[in-house]
Amino acid sequence: MSTIDYSSLYIGGGWSAPSSGETITVRSPADGATVGSVPLAVETDIDAAVAAARSAFDDPTGWAAWDRVDRSKVLERFAEELESRSPETARRVSLQNGMPIWLAEQFEGGFPPVLLRYYAGLTTAEPAEEMRPGMLGGSAIVTREPVGVVAAIVPWNVPQAISFLKIAPALAAGCTVVLKPAEETVLDAFLVAEAAHAAGLPAGVLNIVPGGRDLGAYLVAHPGVDKVSFTGSTGAGRAIAETCGRLLRPVTLELGGKSAAVVLDDADLASSIDNFFGVTFLNNGQICWLNTRVLAPRSRYGEIVDTITDLARSLPIGDPLDPKTKIGPLVSEKQRDRVEGYIAKGRAEGARLTTGGGRIAGLEQGWFVEPTVFADVTNSATIAREEIFGPVLTVIPYEDEAEAIEIANDSDYGLGGSVWSADVERATAVARRIRSGTIGINHYSNDPHAPFGGVKASGLGRELGPEGLDAFRTYKTVYLPPASF
Ligand code: NAD
């Protein structure tokens, strides 16, 4: 297979020579083959990207000052250009991070154009400003203004969808963006640059600088940046929050999770097993909101453990580009080692392994780990408390609904979750008592219309919905004098 190689960076509306001769080489997590390479951006490239975004934003006739209808037309074209590249986007993501191709087509090829259209529509549908009668005689004009130059920093696990959770509302609001993709997934980001260029996005409105964590830290602290929007690990989020706190720079943080699937005693898990797969093993266990703690009633514990064990054993494992594959490789050797470390810890702490725990015979050249289920886990065990980010579930028993809610809430995190029951009303009542930014009933799916984000160590702020647009705006009030003035 030919490799995908780039030698320029997309900064200031054009392809420019990188400042250093260093490159990022991407290798397939499925077999180690070289997939492609891009230039590694360095600090001077970040300086150039921020300067381009800054002048595009500060230009009094620039993107921020454009009529929102004109902006939305460009975003519609951007959506079309992305759509025409969707199959290649999905293929590149799958090649780089091992995401099964059917999922990459939905999440990575499909979702970004939806987000661009949603936010383009939202900004044009709402009033440009609001006139509020004052309580003290005057009145006030309240306007929403774009927050400025946005540093968008994204992880490798769902790189396209996550990038557009930031890019789409930021551009619709009138902001300009510097995107830093993770080193593992850079090739799909170059398709974004091509699509933006073909759509006629003005110079400097979107700039893309691939690099690692040091480059990300440099971008976060850059004096030309007005807002940081970060998705990634809780550890990196804390470091970024510290910098932003010192600089008084607004920041949105979408971080890790250890969400609970609460299976109530009337649930028919077997008949919703596809949905249950979607909240547990999706993307090889590498999604922040996955429900890796399954809470099962003692009255049906053995049967539920068996159902989940059968699910884990039934999943086709292999080449992520094969449409039948449900479980691909983990993204990297480092991630495989980390997941195996947690499996060893689970065993050492006395949890009962019902299936998995090993590598896959015949697939030793990739970073594959078997879907793994631990039963008889207590909520204080390491594998119940820490985010593993791999296909490893813990099944924790509970006595009654009150204890299930207590265990679900006994976590440092609060991002996703689900409740499974034959009675949607009952399940919704339980969901309301769980401290989490989002939660699903008998399924889980992020809807563009509704806010997504976490509480506790899962983050600050919200993406998606009108709330996700608001994250890229600031409000200005103009006080008008009372009529008698
Ligand atoms: P990571 O934190 O190591 O890296 C994420 C991105 O941040 C990368 O681009 C990286 O280069 C950059 N980065 C790392 N440290 C940085 C720093 N100090 N300053 C600036 N940039 C920095 O995370 P990862 O391993 O790539 O992704 C997995 C993590 O992301 C998991 O914890 C997962 O739960 C989380 N995640 C959260 C969400 C969400 O919406 N809440 C979505 C996806 C992934």
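The values are calculated or read from the model by the stated rules, or taken from the named source; none is laboratory data. None of these values were measured; they are calculated from a predicted model. Ideal geometry is used to build each Cβ from the backbone, glycine not excepted, and the neighbour counts take in all protein chains shown. Ligands, DNA and RNA are stripped out before the accessible areas are found, and what is left, the full protein with its side chains, is counted by its heavy atoms. Shrake-Rupley method; radii C 1.70, N 1.55, O 1.52, S 1.80 Å.
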(Q) Suppose we keep only residues that are open to solvent by 20 Å² or more (accessible area, probe 1.4 Å) and not acidic (D, E) within the stretch 271-291. Which one would you say is farthest from K334 (Cα to Cα)? (A) S271
Q: Look at the stretch 286-302 and say how many of its residues are within 19 Å of I343 (Cα to Cα) and either out of contact with any helix residue (DSSP H, G or I) (no Cβ under 8 Å at 6 or more places or on another chain) or at pLDDT below 95 (or both).
A: 2
**Q.** Residues (in contact (Cβ under 8 Å) with a residue 24 or more places away in the chain and surrounded by fewer than 21 Cβ atoms within 10 Å (Cβ to Cβ)) located in the stretch 411-429
**A.** D412, A422, D423, R426
Q) Just one of A384, A402, A408, A375 is without any contact (Cβ under 8 Å) to a residue 60 or more places away in the chain, outside the structural domain of V158 (by TED's automatic domain parsing) and on the phi < 0 side of the Ramachandran plot; which is it? A) A402
(Q) When the residues of the stretch 174-195 are narrowed to those that are away from the ligand (no atom under 16 Å from the Cβ) and out of contact with any helix residue (DSSP H, G or I) (no Cβ under 6 Å at 6 or more places or on another chain), which ends up nearest to L122 (Cα to Cα)? (A) C175
Q.
If I filter the stretch 123-169 down to residues being among the small types (G, A, S) and away from the ligand (no atom under 16 Å from the Cβ), which single residue comes out as surrounded by the most Cβ atoms within 10 Å (Cβ to Cβ)?
A. G148
Q) Restricting to strands (runs of 3 or more DSSP E) lying wholly in the stretch 258-356: which have 1 or more residues that are under 22 Å from the mean Cα position of the chain (by Cα)? A) 260-263, 293-297
Q: Would you point out the residue of the stretch 206-238, among those that are in contact with an Asp or Glu (Cβ under 6 Å, 6 or more places away or on another chain) and near the ligand (Cβ under 9 Å from one of its atoms), that is nearest to D58 (Cα to Cα)?
A: Y218
Q: Please state which of the following conditions E184 fails to meet, knowing it meets all the rest: (1) more than 23 Å from D226 (Cβ to Cβ); (2) in contact with a Lys or Arg (Cβ under 6 Å, 6 or more places away or on another chain).
A: (2)
Q. Pick from E183, E126: which is charged (D, E, K, R) and either more than 17 Å from the chain's Cα centre (by Cα) or not assigned by TED's automatic domain parsing to the domain that holds A65 (or both)?
A. E126
Q) Applying the selection to the stretch 107-122, what residues are within 16 Å of the ligand (Cβ to nearest atom) and open to solvent by 10 Å² or more (accessible area, probe 1.4 Å)? A) F107, F111
Q | Which listed residue, of V395, V419, V430, V424, is in the same structural domain as P297 (by TED's automatic domain parsing), touching an Asp or Glu at 6+ places or on another chain (Cβ under 7 Å) and either within 28 Å of D306 (Cβ to Cβ) or more than 16 Å from the ligand (Cβ to nearest atom) (or both) | A | V430
Q.
Among the residues of the stretch 377-402, what is the count of those that are surrounded by fewer than 16 Cβ atoms within 10 Å (Cβ to Cβ) and under 19 Å from V263 (Cβ atoms)?
A. 4
Q.
Considering only residues that are of a type in the set (A, V, I, L, M) and open to solvent by less than 10 Å² (accessible area, probe 1.4 Å), which ones fall in the stretch 192-216?
A. V192, A193, A195, A196, A199, V205, L206, I208, V209
Q: Sort out which residues of the stretch 458-469 are more than 17 Å from A172 (Cα to Cα) and near the ligand (Cβ under 10 Å from one of its atoms), and write them in order of number.
A: S458, G459
Q.
Quick test of your reading of the structure: P60 fulfils all but one of (1) of a type outside the set (S, T, N, Q); (2) out of contact with any Lys or Arg (no Cβ under 7 Å at 6 or more places or on another chain); (3) in contact (Cβ under 8 Å) with a residue 12 or more places away in the chain. Name the failing condition by number.
A. (3)
